[in-house]
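The values are calculated or read from the model by the stated rules, or taken from the named source; none is laboratory data. Treat the numbers as computed from the prediction; the structure is a model and nothing was measured. Here the Cβ positions follow ideal geometry from the backbone for every residue, glycine too, while neighbour counts run over all protein chains shown.
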Amino acid sequence: MMAVLRAWGVAGFLVAAGVWLTPGQARAFPDEPYSLDEGRKAHTQRFHILGEVALFAGKLEGNQRSIVISPLVEMRLQLAYTVLLQVMWGMSYVNVDLADEDAEPQNAFRSGNPYVAFHYQGKKNQFSYRIGAGVAIPVATVTDDLNERFVQQSAYSLAAAVRGNTNYWLWDAHAVSIIIPIALERRKPSGFLWGAYLDTGAMIKIDNKNNRTSKTDFIMQMAAMMGYQATDWLRVGSRFSLVLIPKFKQNNTQLAVEPYLRFGNENGFGTVLLNINLDNPWGFSFDNGQVWGLRIGGGAAF
């Protein structure tokens with residue numbers, strides 16, 4: 001553990017030093033496939049609102065059919081030239097057919113953990129970067145009743161699964177999480193765009209109703225994104241993600257790919273993404289008993 005913390009500290013120091021030594025023009029967020037680009041002016045459109053709905057329907061165990069609908073809302077506010085406030089909050093509704101054919105399907109609607117983060121951001125030539133710190137506030141809960149808990153936990157697990165377990169801290173019931181997000185992106189004049197993202201941190205459970213076995217789990221979320229701005233209003237691309245939670249045996253690794261289409265410009269956009277889980281526990285997505293996710297979203301800048 002000390003070796004991991006030491007390596008994490010050295011990596012963080014080097015990234016912070018690099019950002020400090022390369023000042024540039026700030027933007028309101030690097031261009032993730034479902035984000036908005038502020039452009040080159042510092043305070044023209046300081047407020048962004050984004051949202052999506054993730055969907056899945058399929059049989060997970062035998063004849064047990066599950067349906068999940070998971071909305072997610074995000075707000076970004078540029079507080080200063082290089083400082084951005086980000087707030088995310090998701091929810092999840094699940095309908096589950098139980099193994100007993102005579103039993104009525106069970107439903108649950110659960111709120112996820114609100115996530116609040118501050119980012120230092122900037123731009124230099126073709127490169128955009130950010131580094132920040134965030135916390136997931138422990139709002140997500142499950143009840144004491146074991147039958148109800150199973151369905152409620154399914155709402156959280158499937159909300160994470162349809163997104164390849166990315167941002168798992170949003171769906172970790174009875175837990176507080178501290179996250180360090182880092183991102184680097186490059187936009188070329190030819191229209192090609194690529195990005196690399198690293199989110200690391202700790203998820204700390206505060207109640208034994210949390211389904212993780214360890215009190216504290218280290219999480220590392222790595223993603224790579226490639227895209228092409230085919231026209232002024234259409235971008236196509238794909239995002240690859242790997243989420244590691246080493247001590248969480250049920251979900252210690254998840255690899256996924258997510259092709260996307262994005263329509264619009266810096267003032268407003270719509271997007272369609274298909275999450276395809278490639279390995280256990282949720283992949284291959286289109287095999288029997290596995291999970292895929294269709295995500296439909298959009299946003300606007302003000």
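Criterion first (hydrophobic (A, V, I, L, M, F, W, C) and surrounded by 15 or more Cβ atoms within 10 Å (Cβ to Cβ)) does ALA301 satisfy it? Let's see the steps before the verdict.
Working: hydrophobic (A, V, I, L, M, F, W, C): yes; surrounded by 15 or more Cβ atoms within 10 Å (Cβ to Cβ): yes.
So ALA301 fits the description; yes.
One line per residue, one yes/no per condition, for (1) at pLDDT 95 or above; (2) in contact with a Phe, Trp or Tyr (Cβ under 8 Å, 6 or more places away or on another chain); (3) farther than 23 Å from LEU72 by Cα:
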{"residue": "PRO105", "(1), (2), (3)": "no, no, yes"}
{"residue": "TYR115", "(1), (2), (3)": "yes, yes, no"}
{"residue": "LYS124", "(1), (2), (3)": "no, no, yes"}
{"residue": "PRO138", "(1), (2), (3)": "yes, no, no"}
{"residue": "ASP144", "(1), (2), (3)": "no, no, yes"}
{"residue": "PHE150", "(1), (2), (3)": "no, no, no"}
**OP:** Being under 19 Å from the mean Cα position of the chain (by Cα) and acidic (Asp, Glu) is the filter; apply it to the stretch 182-213 and report the residue that is farthest from PRO138 (Cα to Cα).
**Re:** GLU185
**OP:** Go through the stretch 103-154 and give me each residue that's β-branched (Val, Ile, Thr) and not in a loop (DSSP other than H, G, I, E, B).
**Re:** VAL116, ILE131, VAL135, VAL151
Subject >> Long-range neighbours under 6 Å by Cβ, at least six apart or interchain, first residue closer than 15 Å to ALA160 by Cα and in contact (Cβ under 8 Å) with a residue 60 or more places away in the chain within the stretch 54-75, second of a type in the set (Val, Ile, Thr) and outside any strand (DSSP E or B) >> reply: ALA54/VAL162; PHE56/VAL162; PHE56/VAL291
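Among the residues that make up the stretch 193-200, is at least one of them in contact with a His (Cβ under 7 Å, 6 or more places away or on another chain) and of a type in the set (A, V, I, L, M, F, W, C)? Let's see the steps before the verdict.
We begin by selecting, within the stretch 193-200, every residue in contact with a His (Cβ under 7 Å, 6 or more places away or on another chain); these are none.
The answer is no, given that none of the residues of the stretch 193-200 is in contact with a His (Cβ under 7 Å, 6 or more places away or on another chain) and of a type in the set (A, V, I, L, M, F, W, C).
Hey, any hits in the stretch 228-249 for a residue that's without any contact (Cβ under 8 Å) to a residue 12 or more places away in the chain and either surrounded by fewer than 14 Cβ atoms within 10 Å (Cβ to Cβ) or over 21 Å from GLY201 (Cα atoms) (or both)? Full working, then the answer.
Residues of the stretch 228-249 that are without any contact (Cβ under 8 Å) to a residue 12 or more places away in the chain, as a first pass: 231.
Add one more test, that the residue is either surrounded by fewer than 14 Cβ atoms within 10 Å (Cβ to Cβ) or over 21 Å from GLY201 (Cα atoms) (or both), and what stays is 231.
Among the residues of the stretch 228-249, at least one is without any contact (Cβ under 8 Å) to a residue 12 or more places away in the chain and either surrounded by fewer than 14 Cβ atoms within 10 Å (Cβ to Cβ) or over 21 Å from GLY201 (Cα atoms) (or both), which makes the answer yes.
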**OP:** Collect the residues in the stretch 187-214 that are at pLDDT 95 or above and small (Gly, Ala, Ser), keeping them in residue-number order.
**Re:** GLY201, ALA202
**OP:** Just give me the residues in the stretch 107-121 being surrounded by 20 or more Cβ atoms within 10 Å (Cβ to Cβ), under 17 Å from the mean Cα position of the chain (by Cα) and within 21 Å of ARG46 (Cα to Cα), in sequence order.
**Re:** TYR115, ALA117, HIS119
Original post:
Among the residues of the stretch 138-146, is any of a type in the set (D, E, K, R), over 22 Å from GLY283 (Cβ atoms) and either touching a Ser or Thr at 6+ places or on another chain (Cβ under 8 Å) or surrounded by 21 or more Cβ atoms within 10 Å (Cβ to Cβ) (or both)?
Top reply: no
